[in-house]
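Visitor: One structure, as structure tokens, below. Some questions next.
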Amino acid sequence: MSFFTVGNYYRDVYRIESVEPLLAGELAVAESGGERFYLEHTPLVKPAQPRAIQQYLSLDHPRILPYLQVFSEQRSLVCIRPYVPFRERLHQHGPAEEDQVFHWVKELTPVEQILMGKPLRMHMVLQPSNIGVTEDGNLMVIACGVEGRTQPDPIYDWGNLMVMLLTGEEFEEPIRKVSSGAKFPKALGKMLQKSMNQQAGQVISHIDSYLKKRDSKGFLDQLFRKSEEKSRPVIRNTWADREDHSGDHDKKASHLNAEKSESGNGSVLQQRLEQSRLAKLEQDRLKAERLAREEIQRQETERLAREEAERHEAERLAREQEEAKRREEERLAREREEAERREAERLAREQEEAKRREEERLAREEAKRHEAERLAREQEEAKRREEERLAREREEAERREAERLAREQEEAKRREEERLAREEAERHEAERLAREREEAKRREEERLAREEAERHEAERLAREQEEAKRREEERLAREQEEAKRREEERLAREEAERHEAERLAREQEEAKRREEERIAREEAERHEAERLAREREEAKRREEERLAREEAERHEAERLAREQEEAKRREAVFRARIEAERKENERRAQEEAQKEERKPQEAKKTVPTQAVQLGEEAERLQHDRLASQLDEYIRHVFNRQG
């Protein structure tokens, strides 16, 4: 199954544009941020060590495609490489000339020496498909492996690589011996055989020895070279001698003519000597001319031989060009067939990918439907819980209202009993003071005043009850609004927690997958485990603190309840004290009335009015203090729940 899929994203960053097989893995072209990259997928034999990944990142050689990032996947590595537009790869070049192959091998041998010198021995996969030719004609190795860690194993050697480059074919399995039927010269076949299972340095020495023997001159070439070296000075000397002889002859002739003109009639002997000398000079001249003609003829023969050799060379080059043209046509035909095959495979992969995407889409839709059903169930459950909570709150409010009404009824009953007791006392007082009409009248007026005060007290209590009821309704409304807001916040938190849980689930799956792939992360996982342990301890500590806070809040609630009871008790004591003071003031007022008859009504009204005012003020302050304590407690409880 293909690791990369066209159109998908790798690590949500690199969008895959094209994929092709490379050795035992894949080579994909991807785009990210407007730039293109190579993504190389390399299967692993065993998990890669962190220093192996670091060793990849440290590779720096102009003949190696650089490594930008290396990711560890499940039983494989994914290397991010810069995108380099290759003019071709060597398996697409077809049969290459000897000199071209030897030049390529000499360029690549330093790469092997660098890889072999790494702490973890590395190797270069010597296959033509693993070597690219850039636009400026330089070679660049694509995939490098770590011995014992990555696939494929280095089963091809330099001899196999040169045979594949010379023939233009890529072998499925390495060869151990150059076939006798191969169309290689005998010396080249021997050199290729010697290069198998050899290191780069030995391969270079075999190539140099072969080139030295191939380029050395034969006996005829050396002979022609010596004759050319000798002929040039001979020709130059011959023409020089001819010029010297001609000059001497002219000088001698002019000298003889001068002598003849001077002597007039020379002797016959001198003439014959002169003639023999001239004949000898003529023979020398003719000999020199004959030698010059022979030299020119020899040069012409050599020129014709060279022209014949050049013609044969031109014919050989023409045959080689025709052969290269035929091989190029065959290579193009093979490439077309390979392209058609790859296109068919690509279409098949695309169909499979489309089918897989449709299945994934259906699976996603099914998952969405399940998620919608789950959300509906959660909403129904939340609605049910909200209804239950509101029902509990209503019951609690009704219970509190019932308790408040019961307390008010008890208070009214107690006041009624007190009023009856007061009326009874007043009746006894009226009977006792019946003897004195003025005293009765005065007491009647006081009773009317007390009833007026009690009416005002009843009206004040009614107003306070209405005010308390209004405050209770406002508090309930605020509580409902606050509860609604908190419920919305709780639902938002639950939604955020659900997303967070899903994100954590995805991260856990990713962490689990990475754990299976990378042994190097064991140390990080140990630190993560320690962190989780600290978090659990922190959560446990927070839970204990929360329980302690709840216990403290419970004690605080009990303390507030005790304070409320104490406040009620104190209020009762205060009312009793006020009543006692009122009675005492009434007694004193009566005594003052007896002493000061001039101000009977003023003394009667002032003291009771002051007592009533003091009682009302104290009751109002007590009520306000209790209301503020209750509001503070409610806010504290809601804040704790939030």
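Visitor: Let me know the charge dipole size of the chain about its Cα centre in debye, to the nearest 20, where only the beta-carbon of Lys, Arg (+1) and Asp, Glu (-1) is charged.
Guide: Working: 140 positive and 163 negative charges, 677 e Å.
For the chain, the charge dipole is close to 3260 debye.
Visitor: Taking 8 Å as the Cα distance limit and 6 or more residues as the minimum spacing, I'd like the relative contact order of the range 8-216 as a percentage.
Guide: Relative contact order for the range 8-216 comes out at 18 percent.
Visitor: Run the quick spin-label model on Glu365 and Arg11: label points 7 Å from Cα toward the beta carbon, then report their separation in nm to one decimal.
Guide: 3.4 nm
Visitor: Taking the structure as given and computing semi-axes √(5λ) of the Cα gyration tensor in Å, which label from (1) 130, 32, 21; (2) 53, 28, 21; (3) 48, 30, 22 fits?
Guide: Entry (1).
Visitor: Can you work out the FRET efficiency for the pair Gln622 and Leu420, with r the C-beta to C-beta distance and R0 = 25 Å, to the nearest 0.05? Please report the intermediate quantities before stating the final value.
Guide: Numbers: r = 26 Å, r/R0 = 1.04.
The pair Gln622/Leu420 has a calculated efficiency of 0.45.
Visitor: Let me ask something else about it. Between Glu473 and Glu439, what FRET efficiency follows from the Cβ-Cβ distance if R0 is 41 Å, with the result rounded to 0.05? Mind dumping the intermediate values first?
Guide: Working: r = 50 Å, r/R0 = 1.22.
Using R0 = 41 Å, I get an efficiency of 0.25.
Visitor: Report the relative contact order of the chain, percent, no decimals, based on alpha-carbon pairs under 8 angstrom and at least 6 residues apart.
Guide: Working: 438 pairs, mean separation 60.3, N = 642.
Relative contact order for the chain comes out at 9 percent.
Visitor: Now a separate question. Which whole-Hz couplings ³J(HN,Hα) result when phi for each residue of the range 515-525 is put into the Karplus expression 6.51 cos²θ - 1.76 cosθ + 1.60, θ = phi - 60°, listed in order with x for Gly and Pro?
Guide: Computed from phi, the couplings for the range 515-525 are 5, 5, 8, 10, 5, 5, 8, 4, 5, 5, 5 Hz.
Visitor: Would you calculate, for the chain, the mean residue ellipticity at 222 nm contributed by helices, counting each DSSP H stretch of 4 or more residues as -39,500 (n - 2.57) and dividing by all residues, to the nearest 500? Write out the running numbers ahead of the final one.
Guide: On the way: 10 runs with 470 residues, N = 642.
-27500 deg cm²/dmol, from helical runs alone.
Visitor: What is the calculated FRET efficiency for Glu169 to Glu310, with r their C-beta to C-beta distance and R₀ = 25 Å, to the nearest 0.05? Walk me through the numbers before you get to the answer.
Guide: On the way: r = 34 Å, r/R0 = 1.37.
That pair, Glu169 with Glu310, gives E of 0.15.
Visitor: Once the piece of chain linking Leu375 and Glu300 is laid out straight, how much longer is it, given 0.36 nm per residue of separation minus the C-alpha distance between them?
Guide: Extra length available between Leu375 and Glu300 comes to 16.5 nm.
Visitor: Karplus couplings for the range 472-479 from phi (6.51 cos²θ - 1.76 cosθ + 1.60, θ = phi - 60°), rounded to Hz, Gly and Pro as x?
Guide: 4, 5, 5, 5, 4, 4, 4, 4
Visitor: Any idea how far the Cα center of the range 70-91 sits from the one of the range 101-179, in Å?
Guide: Using only Cα atoms, the two centres lie 16 Å from each other.
Visitor: Need the C-alpha centroid separation for the range 547-596 versus the range 314-340, integer Å.
Guide: 119 Å
Visitor: What full-extension length gain, to one decimal in nm, is calculated for Arg36 and Val268 as 0.36 nm per residue of separation minus the Cα-Cα distance? Working shown, then result.
Guide: Working: separation 232, 0.36 × 232 = 83.52 nm, distance 10.85 nm.
Fully extending the segment from Arg36 to Val268 adds 72.7 nm.
Visitor: Further question: Starting from the 7 Å offset along Cα-to-Cβ, what nm value, one decimal, do you get for the label separation of Ala505 and Arg87?
Guide: Label at Ala505, label at Arg87, 5.6 nm between them.
Visitor: Describe numerically, in nm with one decimal, the distance between label points set 7 Å from Cα along Cα→Cβ at Glu335 and at Glu494.
Guide: 6.6 nm
Visitor: Further question: Where the centre of each part is set by its Cα atoms, how far does the range 350-424 sit from the range 433-494, in angstrom?
Guide: Using only Cα atoms to place each centre, the spacing works out to 32 Å.
Visitor: Pulled fully out, how much extra length does the chain show between Arg392 and Glu289, if you take 0.36 nm times their separation in residues and subtract their Cα-Cα distance? Don't skip to the end; give the middle numbers.
Guide: Details: separation 103, 0.36 × 103 = 37.08 nm, distance 14.22 nm.
Working it through step by step, the gained length comes to 22.9 nm.
Bear in mind these aren't lab numbers, they're just calculated from the coordinates by the rules spelled out. Given the structure is predicted, the values throughout are model-derived calculations rather than measurements. Glycine gets a Cβ as well: all are built from the backbone with ideal geometry, and neighbour counts include every protein chain shown.
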